[in-house]
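The values are calculated or read from the model by the stated rules, or taken from the named source; none is laboratory data. Quantities reported herein were computed from a predicted structural model and do not represent experimental measurements. Counting neighbours? That spans all protein chains shown, and the Cβs are built from the backbone with ideal geometry, glycine included.
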Amino acid sequence: MRIIIDGRNCEAEPGEYILTVAKRNGIDIPTLCSSDALPGIGSCRICVVELIERNKTRVVASCIYPITHEAEVITNSQRIIGIRKTIMKLLLSRAPENEHLSNFAKAYGLWPSELLNIQEEECILCGLCTRACEELGANAISTVGRGTDKKVSTPYDEPSAVCIGCGSCAEVCPTKAIKAEELNGTRTIWGKTFELLRCKRCGKHYAPREYIDFMEKKLGEKSEVDYCSSCKKVMQAEKFRDIYRI
């Protein structure tokens, strides 16, 4: 079906989210709670757009709004820019020193130093980290507390018995609030330190044994742990080259 985004005709499959179609057509819609690995849940609301359908206009979160029939979308109207500015002010009041948010805000003419500093946080509670952990099946972290005390943490703020040190939560965090420190062949995250396996080909430390064991159990098959994923790809390419002599 056809959808018009900022005056551009775009093809969309029924049920596709507006954000997905926009990305495919090179149209930028800012977002924080959505990543390439995980779809958005509409928690940050930065991705709001104006939707015009059946002669009615309304504001929707593009990361969770499915396209069901022909419509028009406007991503950068004055109304939408105003809404995003308000949202950014709220996010910056929580994490005023965060570099990613600061750069984001400056693009909308906002300056963190001019805003009220309510909290000194890095986390904006977008939920990506907890979803990544849940999707993996570890469930080591969750959102706890209420109001201004709400945060992402392990049970009782203690090192989690089920954390496997994969770093997925840190990888998807849009503000880099979750720190995974790697030093001398170890990774420390959520107050827990993991020994990292070393690749026999390149010598790089690449994953905790706990993560490998977890994935083997989940997938029901043994994994080759002597080499990192990058070296495995290179070795497969070399094997293919030798077999076919190309």
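Only one entry in THR148, THR154 is without any contact (Cβ under 8 Å) to a residue 60 or more places away in the chain, closer than 21 Å to ALA95 by Cβ, exposed (fewer than 14 other Cβ atoms within 10 Å of the Cβ) and of a type in the set (Val, Ile, Thr), namely THR148.
Restricting SER229, SER160, SER223 to those that are more than 30 Å from SER102 (Cβ to Cβ), at pLDDT below 90 and in contact with a strand residue (DSSP E or B) (Cβ under 9 Å, 6 or more places away or on another chain) reduces the list to SER229. For the stretch 159-170, indicate whether the set of residues that are more than 17 Å from the chain's Cα centre (by Cα) and hydroxyl-bearing (Ser, Thr, Tyr) is non-empty. For the stretch 159-170, residues more than 17 Å from the chain's Cα centre (by Cα) and hydroxyl-bearing (Ser, Thr, Tyr): present. Any residue in the stretch 62-75 that is out of contact with any helix residue (DSSP H, G or I) (no Cβ under 6 Å at 6 or more places or on another chain), under 15 Å from ARG45 (Cα atoms) and of a type outside the set (Val, Ile, Thr)? Looking through the stretch 62-75, none of the residues is out of contact with any helix residue (DSSP H, G or I) (no Cβ under 6 Å at 6 or more places or on another chain), under 15 Å from ARG45 (Cα atoms) and of a type outside the set (Val, Ile, Thr). For PHE194, work out the one condition from (1) buried (at least 18 other Cβ atoms within 10 Å of the Cβ); (2) farther than 30 Å from ALA95 by Cα it doesn't fulfil. In the conditions (1) buried (at least 18 other Cβ atoms within 10 Å of the Cβ); (2) farther than 30 Å from ALA95 by Cα, PHE194 misses (2) alone. The numbered conditions (1) within 16 Å of LEU32 (Cβ to Cβ); (2) in contact with a helix residue (DSSP H, G or I) (Cβ under 8 Å, 6 or more places away or on another chain); (3) at pLDDT below 85 are all true for ILE124 except (3).
Being over 22 Å from the mean Cα position of the chain (by Cα) and surrounded by 13 or more Cβ atoms within 10 Å (Cβ to Cβ) is not true of ILE124.
In the stretch 1-42, the qualifying residues are those that are of a type in the set (S, T, N, Q) and more than 27 Å from LEU125 (Cβ to Cβ), and the one that is surrounded by the fewest Cβ atoms within 10 Å (Cβ to Cβ) is ASN9. State whether the residues of the stretch 75-84 include one that is β-branched (Val, Ile, Thr) and either in contact with a Leu (Cβ under 7 Å, 6 or more places away or on another chain) or closer than 30 Å to GLY167 by Cβ (or both). No, there is no match, as no residue in the stretch 75-84 is β-branched (Val, Ile, Thr) and either in contact with a Leu (Cβ under 7 Å, 6 or more places away or on another chain) or closer than 30 Å to GLY167 by Cβ (or both). Exactly one residue among LYS176, LYS239, LYS222 is assigned to a helix (DSSP H, G or I) and outside the structural domain of SER43 (by TED's automatic domain parsing), and that residue is LYS239. Applying the criterion of being free of Cβ contacts under 8 Å to residues at least 24 places away in the same chain and not in a loop (DSSP other than H, G, I, E, B) to the residues of the stretch 203-212, the residue that is farthest from LEU136 (Cα to Cα) is HIS205.
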